[in-house]
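Encoded as structure tokens, the structure appears first; notes follow it.
The values are calculated or read from the model by the stated rules, or taken from the named source; none is laboratory data. A quick note: this is a predicted structure, and the numbers were derived from the prediction, not measured. Cβ sites come from the backbone with ideal geometry, for glycine too, and all protein chains shown count toward neighbours. Only protein heavy atoms, including side chains, enter the accessible area calculation; ligands, DNA and RNA are left aside. Shrake-Rupley method; radii C 1.70, N 1.55, O 1.52, S 1.80 Å.
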Amino acid sequence: MSAGQILGALRLAWGTALLGAPLRCISLVPGAPAGVPDDAVTVARVLGGRHVLQGLAEIAVWPSLRRLGAAADILHAATGVALAATDRRWRSVARADAALATGFAVAGLAAR
């Protein structure tokens, strides 16, 4: 299994967790707000779906999609940073999400 496929498998697992248990994933972040609204659950599930699709693509055809996937991760991280800067209630969750997206981007660009 290549590094890209391993990264895809990790992403697939994370996306599956977000789709199946978004409240649990959010609550794992220290400082996450209590009383998660339905729209935050929906956002977590949408992001989970993106991770699942991207993970499957990385496992199947990694080399041709690596930079496109990293670009999606960088955009994802940027939106997390923007949310952290503008919403105190969601700051810790947004920071954690941005850090994870940045990690996926860096790993994606570094994988061969």
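Looking at Val43 and the list (1) touching a residue at least 12 places away in the same chain (Cβ under 8 Å); (2) part of a helix (DSSP H, G or I), which single condition is not satisfied? The one condition Val43 does not meet is (1). Considering every residue within segment 60-70, establish whether at least one is small (Gly, Ala, Ser), under 15 Å from the mean Cα position of the chain (by Cα) and modelled with pLDDT under 95. Taking every residue of segment 60-70 in turn, at least one turns out to be small (Gly, Ala, Ser), under 15 Å from the mean Cα position of the chain (by Cα) and modelled with pLDDT under 95.
Among all positions in segment 92-100, there is no residue which is at pLDDT 95 or above, in a helix (DSSP H, G or I) and in contact with a Phe, Trp or Tyr (Cβ under 7 Å, 6 or more places away or on another chain).
Screening Gly35 against (1) out of contact with any Ser or Thr (no Cβ under 9 Å at 6 or more places or on another chain); (2) not in a loop (DSSP other than H, G, I, E, B) leaves a single unmet condition, (2).
Table: residues versus (1) open to solvent by 20 Å² or more (accessible area, probe 1.4 Å); (2) touching a helix residue (DSSP H, G or I) at 6+ places or on another chain (Cβ under 6 Å).
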residue: Met1; (1), (2): yes, no
residue: Trp14; (1), (2): yes, yes
residue: Leu23; (1), (2): yes, no
residue: Ala34; (1), (2): yes, no
residue: Val43; (1), (2): yes, no
residue: Gly48; (1), (2): no, yes
residue: Ala60; (1), (2): yes, no
residue: His76; (1), (2): no, yes
residue: Leu83; (1), (2): yes, yes
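Considering every residue within segment 87-100, establish whether at least one is open to solvent by 60 Å² or more (accessible area, probe 1.4 Å) and under 11 Å from the mean Cα position of the chain (by Cα). The answer is yes; a qualifying residue exists. Looking only at segment 62-71, count how many residues are open to solvent by 20 Å² or more (accessible area, probe 1.4 Å) and either under 17 Å from Asp97 (Cα atoms) or charged (D, E, K, R) (or both). Number satisfying all stated conditions: 3.
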